[in-house]
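**Q** Dropping a structure here in structure tokens format, bear with me for questions.
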Amino acid sequence: MKHEETMLILQAMHFAADKHRHQRRKDAEASPYINHPIAVAETLCAVGLVHDPVTLIAGILHDTIEDTETTGAELELRFGHEIRTVVEEVTDDKSLPPAMRKQLQIEHASHASERARLVKLADKICNLRDIVHAPPAGWSVERRRRYINWALAVVNEIRGTNADLESRFDELYAEADEYLARAPAI
Ligand code: ZN
């Protein structure tokens with residue numbers, strides 16, 4: 001990897017860590033939020049064998065616009081137009097009610113660029129892993145089941161993007177499905 005690309009990846013980590021610094025994940029331990037975008041980028045590389053810096057950086061930055069004060073213009077200035085576009089593609093419109101946002105993700109998934117589809121796959125993989133191993137505190141079995149089924153509906157729209165990521169998702173879906181079937185209903 002070229003020096004500039006390595007630098008940009010490290011700068012994206014620094015930027016995302018700073019933007020998410022006051023946020024925690026929803027698990028019982030309230031893990032630092034930044035663990036999630038790092039896991040998404042790592043999954044892209046380790047599972048999907050994705051080495052394209054634009055995709056990896058978009059993975060690191062994928063929740064900055066949606067969950068922090070970051071703007072698209074700010075990302076463009078720091079990381080360029082391509083990265084801004086991918087992050088915007090994976091950003092939900094927070095002015096819409098949650099149920100509609102979830103429905104739109106299903107409807108829009110197949111129209112997303114390849115890079116955005118890769119980030120979506122890695123994001124869903126990481127979220128499914130969390131549903132089993134570090135579930136959001138207070139989420140009932142029913143709510144977790146609704147979540148995994150929704151993630152499956154999104155992934156079903158983008159199959160054919162990356163076989164390794166898709167089979168990893170399917171393994172985790174099966175694991176989550178089995179786990180939730182055995183879990184005592186809260
Ligand atoms: Zn995410």
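The values are calculated or read from the model by the stated rules, or taken from the named source; none is laboratory data. Small disclaimer: the values here were computed from a predicted structure and weren't measured. Using ideal geometry, Cβ is built from the backbone for each residue, glycine included, and neighbour counts are taken over all protein chains shown. Heavy atoms of the whole protein, side chains included, go into the accessibility calculation; ligands, DNA and RNA do not. Shrake-Rupley method; radii C 1.70, N 1.55, O 1.52, S 1.80 Å.
**Q** What is the Cα centroid distance between segment 70-138 and segment 32-67, reported in whole angstrom?
**A** That distance is 11 Å.
**Q** Could you work out how far helix 98-109 tilts from the main Cα principal axis of the chain, as a 0 to 90 degree angle to the nearest 10?
**A** It works out to around 60 degrees.
**Q** Something else: Give the residue from Leu172, Ala153, Pro184 lying farthest towards the positive end of the charge dipole for the chain; charges sit on Cβ (+1 for Lys and Arg, -1 for Asp and Glu) and the dipole is referred to the Cα centre.
**A** Positive-most Cα among the choices belongs to Pro184.
**Q** Still on this structure, I have one more. Suppose a student asked you for the relative contact order of the chain, using Cα pairs under 8 Å spaced at least 6 residues apart; what percent would you report?
**A** Result for the chain is 22 percent.
**Q** What dipole magnitude, in Debye to the nearest 20, does the chain give about its Cα centre under +1 on Lys/Arg Cβ and -1 on Asp/Glu Cβ?
**A** 520 debye
**Q** Which of these, Leu121, Leu104, Leu172, has the largest mean-square fluctuation under a Gaussian network model of the chain (Cα springs below 10 Å)?
**A** Per the Cα network of the chain with a 10 Å cutoff, Leu104 tops the list.
**Q** With N set to the residue count of segment 3-182, report its C-alpha Rg divided by 2.2 N^0.38 Å to two decimal places.
**A** Working it through for segment 3-182, the quotient is 0.98.
**Q** Under 1.5 on a/c is rounded, so check that first for segment 8-58, then, if it is not, pick prolate when a/b is larger than b/c and oblate when it is not; a ≥ b ≥ c are the square roots of the alpha carbon gyration tensor eigenvalues.
**A** Since a/c reaches 1.5 but b/c is at least a/b, the shape of segment 8-58 is classed as oblate.
**Q** Over the heavy atoms of Met100, what accessible area does a 1.4 Å probe trace out, to the nearest 10 Å²?
**A** 90 Å²
**Q** Could you tally the net charge around Leu8, taking each other residue with its Cβ under 14 Å from the Cβ of Leu8, Lys/Arg +1 and Asp/Glu -1?
**A** Overall, the nearby charge balance is -2.
**Q** As I understand it, the dipole of segment 1-136 uses +1 on the Cβ of Lys and Arg and -1 on the Cβ of Asp and Glu, about the Cα centre. Which of Pro136, Met13, Ile57 lies farthest toward its positive end?
**A** Pro136
**Q** Starting from the residue with the highest accessible area, list Glu88, Glu66 in decreasing order, probe 1.4 Å.
**A** Glu88, Glu66
**Q** Let me ask something else about it. Lys pairs in the chain, Cα-Cα under 25 Å, at least 8 apart or on separate chains: how many?
**A** For the chain, qualifying lysine pairs total 13.
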